[in-house]
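Below is one structure. I have some questions about it.
Bear in mind these aren't lab numbers, they're just calculated from the coordinates by the rules spelled out. In this text the structure is predicted, and so the values were computed from the model without any measurement. All Cβ positions, glycine included, derive from the backbone under ideal geometry; neighbour counts span all protein chains shown.
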Amino acid sequence: MLVDDEEIVRRSLARTLAEFEIVSVGSATEALSVFAEDDDFDAVLSDVMMPRMSGPELFAHCYHDYPQLAQRFVFMSGNPESARSELARVVEELRAPQPILLSKPSSREGLLLALFAAASRGEPLSGTFSIAEETPGELTSYRG
């Protein structure tokens with residue numbers, strides 16, 4: 001799932017991740033609507049600062065309603081310092097584990113590593129990645 005209020009960013013990230021199956025939405029509210037129908041996503045890549053509902057607020061909803069999905073969040077922000085404090089506030093309120101935070105723009109390699117790390121926090125759903133049995137969370141292969 002890709003959640004960002006800027007269409008150009010969504011299109012750019014979708015091209016960057018073209019070998020994956022991407023569901024792209026323009027708001028946290030839209031993401032929640034999708035999750036109500038289907039929450040089987042390997043990872044959620046979300047902007048932090050969005051109108052009406054922020055990425056961390058989306059994370060909080062998922063933490064309560066879709067706890068397995070909340071474990072697989074990756075955030076991106078053009079202002080990571082501000083985003084870090086907003087995210088820390090929500091994480092502290094929830095007493096939740098700290099999600100991954102990347103700066104925008106981020107390298108493709110950094111983005112892929114973050115998404116694979118987030119996806120490895122739960123059982124693989126899409127089959128686009130696999131993890132080593134001996135060391136859970138270690139990426140061993142990727143089919144793209």
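For segment 2-142, state what percent of all Cα-Cα pairs lands in each successive 10 Å bin, counting from 0 Å until the bin that includes the largest distance.
12, 45, 36, 6, 0
In addition: Quick one: 3J(HN,Hα) in Hz for segment 36-52, Karplus 6.51/-1.76/1.60 with θ = phi - 60°, rounded, Gly and Pro as x.
5, 8, 7, 10, 8, 10, 5, 7, 10, 9, 10, 5, 8, 8, 9, x, 6
Only bridges with both residues in segment 2-142 count here: give the DSSP antiparallel percent, nearest 5. Let's see the in-between values first.
Details: 3 of 15 bridges.
Antiparallel bridges make up about 20 percent of those DSSP assigns within segment 2-142.
Now, a different point. Would you list 39, 4, 65 from fewest to most Cβ contacts within 10 Å? Don't skip to the answer; put the middle values down first.
Working: 39 16, 4 24, 65 13.
Starting with the residue having the fewest Cβ neighbours, the order is 65, 39, 4.
Per residue of segment 66-83, what does 6.51 cos²θ - 1.76 cosθ + 1.60 with θ = phi - 60° give for ³J(HN,Hα)? Whole Hz please, x for Gly and Pro, Karplus curve as stated.
Result, ordered by residue: 9, x, 5, 5, 4, 6, 10, 8, 10, 9, 10, 8, x, 10, x, 5, 5, 4 Hz.
Let me ask you something else. Counting other Cβ atoms within 10 Å, keep those with at most 16, restrict to DSSP loop, and tell me which trypsin sites (Lys or Arg not before Pro) in segment 18-120 are left.
Working: sites: 52, 72, 84, 89, 95, 108; in loops: 52, 72, 95.
For trypsin sites (Lys or Arg not before Pro) across segment 18-120 that sit outside H, G, I, E and B with at most 16 neighbouring Cβ atoms in 10 Å, the list reads 52, 95.
Sticking with this one: In segment 1-101, what chymotrypsin sites (Phe, Trp or Tyr not before Pro) fall in a loop by DSSP, with at most 15 other Cβ atoms inside 10 Å? The partial results should precede the final answer.
On the way: sites: 20, 35, 41, 59, 63, 73, 75; in loops: 20, 41.
Of the chymotrypsin sites (Phe, Trp or Tyr not before Pro), not one in the loops of segment 1-101 has a Cβ with at most 15 other Cβ atoms within 10 Å.
Hey, how many Å between the Cα centroid of segment 1-47 and the Cα centroid of segment 51-67?
14
Extending each Cα 7 Å along its Cβ direction at residue 117 and residue 93, get the distance between those two points in nm, one decimal.
Result for the modelled spin labels: 2.5 nm.
Something else now. Please report, in debye to the nearest 20, how large the charge dipole of segment 1-71 is about its Cα centre when each Lys and Arg carries +1 at its beta carbon and each Asp and Glu carries -1 there. List each step's numbers first, then the result.
Working: 4 positive and 15 negative charges, 50 e Å.
So the magnitude is around 240 debye.
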